[in-house]
Amino acid sequence: MKRSVDLNKPAAPDATLFVGAGVTLYAGTLDDLDWHLHGAPVFVAGMTGNFRLRLPDGEWAACRAAIVPAGVRHALELGGDPVAVFYPEPTIADVSHLTRLGGGWDDRHSILFTSGAELGIFRDIYEDRGSPGYVDEAIKDLVRFLRKRQSEPSLDPRIARVIERLRRQPEDLTAVASLSADSGLSVSRFLHLFSSEIGIPFRRYRIWNRVRAALAMMLAGQNLTAAALNAGFSDSSHFARLHRQTFGVAASCTFRRIARKVTARPQRQGPI
């Protein structure tokens with residue numbers, strides 16, 4: 001006799017969300033994600049099978065894993081299956097580093113697709129939900145693997161300094177004119193160089209950085225309103241709107257899925 005399934009019953013929390021100084025990782029079940037774009041490249045992989053990704057032109061593509069560059073609009077049809085979604089910051093890894101997680105990549109609209117990918121470390125994180133310390137070490141191992149044959153991304157030092165400033169002070173809304181002057185650049189040159197180096201406009205990256213910062217604060221125990229204000233948003237509604245634009249889903253929907261919340265442990269040296 002076929003067992004009936006209550007489609008209105010919320011899924012049991014099973015996901016791990018990790019937000020560190022240089023990476024963000026979600027490993028767990030997810031429903032479909034509406035149109036969105038990120039401020040960093042993302043590697044997304046189905047841990048039990050294929051998923052569908054909607055391209056900027058509206059067409060759908062089925063794959064086991066994909067790499068979406070920063071600023072490329074897309075949507076995901078995941079159907080509640082477990083996935084790994086890994087975002088390295090521009091100072092940690094770029095698209096070329098992420099290709100080490102698979103082979104036989106096909107390119108459509110700047111999005112890379114493959115039918116096979118290296119998922120072992122993501123499965124381990126997903127299945128071992130009892131040890132927060134393990135996630136931190138596993139992420140460091142993953143970054144070392146990505147850089148095994150490549151050095152860290154080579155960014156213009158002026159842009160790298162601005163990114164570090166934003167990371168340390170996400171609530172700082174210093175005008176672009178001041179940031180460019182501090183970098184010894186005109187506003188137009190600064191904005192052009194930033195987009196060239198990072199792949200998205202400065203304004204979009206600053207939003208991404210603040211959304212990430214708010215998520216980290218929520219993982220550390222702050223409520224949504226406090227985290228939003230401390231990350232420089234005018235209120236929780238402002239954060240919620242930009243979170244949906246960034247990830248294609250409401251923050252509340254994501255947090256309902258989370259069984260383990262992890263932030264990187266402080267360290268004296270290194271980017272993560």
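Hey, what angle do you get for helix 202-219 against the long axis of the chain, alpha-carbon based, 0 to 90 degrees rounded to 10? The two axes meet at around 60 degrees.
Close amide H contacts of HIS38 (hydrogens built in the peptide plane, cut-off under 5 Å, sequence separation of 5 or more or a different chain): GLY71, VAL72. With only Cα atoms counted, the chain has Rg and Dmax values of 18.3, 72 Å.
Could you grab the relative contact order for the stretch 15-146? Cα pairs under 8 Å, six or more apart, rounded to a whole percent. The partial results should precede the final answer.
On the way: 273 pairs, mean separation 37.4, N = 132.
Answer for the stretch 15-146 is 28 percent.
Normalised by 2.2 N^0.38 Å, where N is the number of residues, the alpha-carbon radius of gyration of the stretch 157-248 equals 1.12.
Note on the stretch 96-162: percent of Cα-Cα distances in each 5 Å bin, starting at 0 and stopping at the bin with the largest distance, equals 3, 14, 18, 16, 20, 15, 11, 4, 0.
I'd like the orientation of helix 157-168 relative to the chain: the angle between its Cα long axis and the longest Cα principal axis, in ° from 0 to 90, rounded to 10. Between helix and principal axis, roughly 60 degrees. Our coupling estimate for the stretch 141-153, obtained by passing each phi through the Karplus curve with A = 6.51, B = -1.76, C = 1.60 and θ = phi - 60°, is 4, 4, 5, 4, 4, 4, 9, 4, 10, 9, 6, 5, x Hz, Gly and Pro reported as x.
Quick one: net charge around VAL176, please, counting Lys, Arg +1 and Asp, Glu -1 for every other residue with C-beta under 11 Å from its C-beta. If you can, show how the numbers build up before the last one.
Numbers: positive: ARG203, ARG206; negative: ASP182.
So the surrounding residues net to +1.
May I ask for log10 I(q)/I(0) of the stretch 15-146 at q = 0.14, 0.17 Å⁻¹, from a Debye sum over the Cα atoms as equal point scatterers with solvent left out? Listed by q, the Debye log ratios stand at -0.56, -0.85. Against the chain, whose longest principal axis comes from its Cα atoms, helix 236-247 is set at around 70 degrees. Exposed loop sites were defined as trypsin sites (Lys or Arg not before Pro) in DSSP loop states (anything but H, G, I, E or B) carrying at most 10 other C-beta atoms within 10 Å; in the chain the longest segment without such a site runs 4-147. Where the centroid of each part is defined by its Cα atoms, how far is the stretch 236-254 from the stretch 80-136 in Å? Cα centres, the stretch 236-254 to the stretch 80-136: 22 Å.
Rule-based calculations on the coordinates, nothing more; no lab input. Quick caveat, the model's predicted, so the values are computed rather than measured. Neighbour counts are summed over all protein chains in view; Cβ atoms, including those assigned to glycine, are modelled from backbone coordinates with ideal geometry.
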